[in-house]
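Single-structure report; data block below.
The values are calculated or read from the model by the stated rules, or taken from the named source; none is laboratory data. All values reported here derive from a predicted model rather than from experimental measurement. Glycine also receives a Cβ, built like all others from the backbone with ideal geometry; neighbour counts cover every protein chain displayed. What goes into the accessible areas is simple: the full protein's heavy atoms, side chains included, and nothing from ligands, DNA or RNA. Shrake-Rupley method; radii C 1.70, N 1.55, O 1.52, S 1.80 Å.
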Amino acid sequence: MRTVRLPDGTEVPCLGQGTWYMGERRSDRTAEARALRLGVDLGMRLIDTAEMYADGGAEEVVREAIAGRRAEVFLVSKAYPQNASAARAKLACERSLKRLGTDYLDLYLLHWRGSVPFAETVAAFEALIREGKIRRWGVSNLDPGDMAELARANGGGCAVNQVLYNPQYRGIEFDLLPQSKIPIMAYSPVGQGGELLKHRSIAAIAARHDASSAQIALAWALRHPQVIAIPKAAREAHLRENMAAAAIILTAQDLAEIDAAFPPPRCATALAML
Ligand code: NAP
């Protein structure tokens, strides 16, 4: 698996695993944990979760998945904006750690921008690093203007920005992606398994590669060396497909066909988020 280098030199796999909608139903949790474990076995050892997902339930699924193998996994979680404050960040982080059954996160993200000033969030996250509760911090759903403001608020330690990125939502190619000096973590890279995977152009490219549409969407996101994609997959067949997508190289013709179906941005657009 190709790796992407974080600003501190740590290498993480270019393909990880999402967990949104895991942990919603207690009866599905064991199977979801098994899926995450298989993903780690296959090499997708970066796991992305959040306190928001299933109200902490997704973190509990991750706990079951990584029990006994914490060191193998690069663990990412996210704080609600209202919890990314001086008064609440430590408590929110400790709750996540407890649900995850670990004493540290590899990466802690601000889930999206709220009303807490960036400087306060940065100071709170840096304190968590000093306390050993997180190894590094980053952000999510921040546009180029937000990133510039973050940089002015002592945000030089930001390790990644996690944003929506797939052929249907490629506005970041105009500004955020080319300007970014830090890796971009692409969420919903297979379009949440919806319309994107039914699109004729994607399906035609997939047929040429003897691959699935999801694999083409992932290969497309991963064509950027600084992009990390985090598809969520609970089904074994999906996990195996996703892993194999890391080896697919799209041709100039493939990329041109995707551009024709999903035109690249010609001007700055508001950052899309789910
Ligand atoms: P996604 O990964 O694009 O899509 C997940 C859906 O696609 C699931 O229904 C999954 O089915 C299906 N799928 C996965 N692999 C497939 C394949 N090879 N073929 C066909 N279908 C496939 O969407 P997402 O869950 O929204 O995004 C990924 C992760 O990004 C999230 O889980 C979360 O960790 C993170 N995220 C972050 C934010 C944020 O604001 N920071 C927002 C959204 C998401 P099965 O589960 O049935 O296998």
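Listing for the model above:
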quantity	calculated
Unmet requirement for Ala206, which otherwise passes all of (1) under 27 Å from Tyr21 (Cβ atoms); (2) more than 20 Å from the chain's Cα centre (by Cα); (3) open to solvent by 40 Å² or more (accessible area, probe 1.4 Å)	(3)
Filtered residue count, the stretch 206-255, keeping only those that are part of a loop (DSSP other than H, G, I, E, B) and of a type outside the set (Ser, Thr, Tyr)	19
Complete set of residues in the stretch 62-80 that are surrounded by fewer than 23 Cβ atoms within 10 Å (Cβ to Cβ) and within 18 Å of Tyr187 (Cα to Cα)	Phe74, Tyr80
Residue count for the stretch 146-205, restricted to those that are touching a residue at least 24 places away in the same chain (Cβ under 8 Å), assigned to a helix (DSSP H, G or I) and of a type in the set (A, V, I, L, M)	9
Flag for Thr3 being under 22 Å from Ile184 (Cα atoms) and in contact with an Asp or Glu (Cβ under 6 Å, 6 or more places away or on another chain)	yes
Of all residues making up the stretch 216-237, the number that are within 12 Å of the ligand (Cβ to nearest atom) and either open to solvent by 20 Å² or more (accessible area, probe 1.4 Å) or more than 19 Å from the chain's Cα centre (by Cα) (or both)	5
Where a residue in the stretch 211-228 is closer than 13 Å to Glu173 by Cα and touching a residue at least 12 places away in the same chain (Cβ under 8 Å) and its partner, wherever it lies, is part of a helix (DSSP H, G or I) and away from the ligand (no atom under 13 Å from the Cβ), with Cβ under 7 Å and at least six apart	Trp220/Ile258; His224/Leu177
